[in-house]
Amino acid sequence: MKSLTAKLILAIALIGIIAVGVVVLISQRGADREFNEYLLNLDRTSITYHFTSYYEKNHTWGGVEGSIQDLYDRLKIPADTKTPLPFTLADADRKVILPSGFYKEGDYLLQIDFEHSSPIIIDDNVVGYLDIRTPVPRPDNGDPGFLDRVRFILLGSGAIGLVITLIFGVLFSRWITRSLREMTSAARQVANGDLSQQVKVRSADELGELARVFNEMTAQLRQLMQARKQMTADIAHELRTPISIILGHAEGIHDGVLPANQETVEIIRGEAIRLEHLVADLRTLALSDAGELKLDIRKSSVEKLLQDVRDLFSYQAKTRQIELDLEITENLPEIQIDPDRMIQVLSNLVDNAMHHTPKRGKITLGGKKTADRVELSVTDTGHGIAQEDLSRIFDRLYRTDHSRQRDRGGSGLGLAIAKTVVEQHGGSIRAESAPGQGTSVHILLPVGE
């Protein structure tokens, strides 16, 4: 049975059958018990009245055996019945007058039977005790059709209840699987490439949560697919430009249009280096996405790390007339990093800052303790980043320079690589900026143990 709806209907039907069966059985036994109790009360009342009348008339229990036939008539028991009466009659001293069971005439009622007996009272005086536990046996059981009618009503009610259960079970099963059917259909459409599928959230329970998660998944898949297409186009653009320049200059030299001098060769060499860096950056991101980016994690000094980065850019900063400063809190704990990868991250940040900081500007490499982590920062006094760009600067191939002028930035992968490497170190990275007020990038890294 493959249908979930059919399984739910079958389960509800089985539960309904069991529940109805148990209710009918308990009700039937209860009805039998109550009917027997009803007959017992009637018999107790009739028999007590009979012996009370006999004693009032005779003032003694002598000859009470002869009144049994009158009792038979009162209880409408055929005179030829051979079934003994299920009661014991004792006098005021508990001495048995009419025995039953293991009692004999002249015995005394046991305490347990005395406690369950009914006193026979005349003029506020107890003259005897009647011990009766079960209804008087009758050939017709009092009313031969009563219990049959009760059983029929119970069975009929159970059948009606079962039918109602099945009807509601079918409706409930179809309702509860409706969202699943919709999600199944939508999932097939997604598998066929239609990522616009959304299902209606019909409840706040687990099925509703599943529908919400499905909608979020398809929305994210759609965004990822769009980002993938955009990234493919951006990569093609990034690759095409240096290749076109290299090919154009090479053909120019080949055709004799351009001279094969130092200047032309340097242009070709520069674009080849740019192309090599782009391919290396793409490889780094690909390794990270595949979980194969290897990190050589070890304890490292924050002071040495920042000093090494400063040394790398000291000549470039001097050439551009930019002040490159260090602000490091004393006695910083060591951090757990791959020094080479973290230098790559900070170098990308400083390089970006260099491209966006004007002459006589300032770039500050900072390090300080923050709670249980160490914060590294790169702050510049450049022209800043607009708020609409700030949330996307760590996206791959995204550049705040929408005109994509190559002298104002690299391939747009540096910050994406920085974010990837920092997160693989168990850290986090964020940027703060405002137009005309510079940019500050903060990195939080775990302290070495």
Just flag the GluC sites (Glu not before Pro) in segment 220-301 sitting in loop per DSSP whose Cβ has no more than 16 other Cβ atoms within 10 Å.
Glu292
How much net charge surrounds Gly193 when only the other residues with a Cβ under 14 Å from the Cβ of Gly193 are counted, with Lys and Arg +1 and Asp and Glu -1?
+3
Summing +1 for each Lys or Arg and -1 for each Asp or Glu, what net charge is found among the other residues whose Cβ lies under 15 Å from the Cβ of Phe102?
-2
On C-alpha positions alone, give me the angle between the axis of helix 302-319 and the longest principal axis of the chain, in degrees, nearest 10.
40
Simple spin-label model, 7 Å along Cα-to-Cβ: Leu171 to Glu263 in nm?
8.8
Ser428 accessible area, 1.4 Å probe, all protein chains in place, Å² to nearest 10
50
Val374 long-range amide H proximity, modeled H, under 5 Å
Leu445, Val447
Got a sec? What order do Tyr55, Tyr315, Tyr49 fall in by accessible area at 1.4 Å, biggest, i.e. largest, first?
Tyr315, Tyr49, Tyr55
Note: Ile17 to Asn331 extended length (0.36 nm per residue) minus current alpha-carbon separation gives 105.4 nm
Quick one: helix 4-58 against the long Cα principal axis of the chain, what's the angle to the nearest 10°, folded into 0 to 90?
20
Gap separating the Cα centres of segment 84-117 and segment 315-376, nearest whole Å
109
Sorted by accessible surface (1.4 Å probe, heavy atoms of the protein chains only), largest first, Arg188, Arg222 come out as Arg188, Arg222
Matching label for the computed P(r) over Cα pairs in 20 Å bins from 0, in percent, out of (i) 25, 59, 16, 0; (ii) 20, 44, 26, 7, 2, 0; (iii) 16, 25, 15, 12, 12, 15, 5, 1, is (iii)
Could you sort His277, His59 by their accessible area in this structure, using a 1.4 Å probe and putting the largest first?
His59, His277
Quick one: with all protein chains in place, what share of the accessible area of the chain is carbon or sulfur, to the nearest percent (1.4 Å probe)?
56
Give a quick list of trypsin sites (Lys or Arg not before Pro) in segment 335-395 that DSSP marks as loop, anything other than H, G, I, E or B, with at most 13 other Cβ atoms within 10 Å.
Lys359, Arg360, Arg392
Tell me the accessible surface of Arg298 in square angstrom (1.4 angstrom probe, heavy atoms of protein chains only), to the nearest ten.
100
Please list 3J(HN,Hα) in residue order for segment 322-332, calculated via the Karplus relation 6.51 cos²θ - 1.76 cosθ + 1.60 where θ = phi - 60°; whole Hz, with x for glycine and proline.
10, 7, 10, 10, 10, 10, 10, 5, 5, 6, 6
Spin-label model distance (nm) - Gln424 vs Thr232, 7 Å beyond Cα toward Cβ
2.5
The chain, helix-only ellipticity at 222 nm - DSSP H runs n ≥ 4, -39,500 (n - 2.57), divided by all residues, nearest 500:
-18500 deg cm²/dmol
Probe 1.4 Å, accessible area per residue of the chain, Å²
59
With the chain treated as a Gaussian network of Cα nodes joined by springs under 10 Å, which of Asp296, Asp32, Asp107 yields the largest mean-square fluctuation?
Asp107
Order 204-210, 153-159 from most to least packed using the mean count of other Cβ atoms within 10 Å.
153-159, 204-210
Computed over the chain: longest principal axis from alpha-carbon atoms vs helix 339-356 long axis, angle to nearest 10 degrees, is 60
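The values are calculated or read from the model by the stated rules, or taken from the named source; none is laboratory data. Predicted, not measured: the structure shown is a model, and the values here were computed from it. Cβ coordinates were reconstructed from backbone atoms using ideal geometry, including for glycine residues, and neighbour counts include every protein chain displayed. For the accessible areas, the whole protein counts, side chains as well, though only heavy atoms, and no ligand, DNA or RNA atoms are used. Shrake-Rupley method; radii C 1.70, N 1.55, O 1.52, S 1.80 Å.
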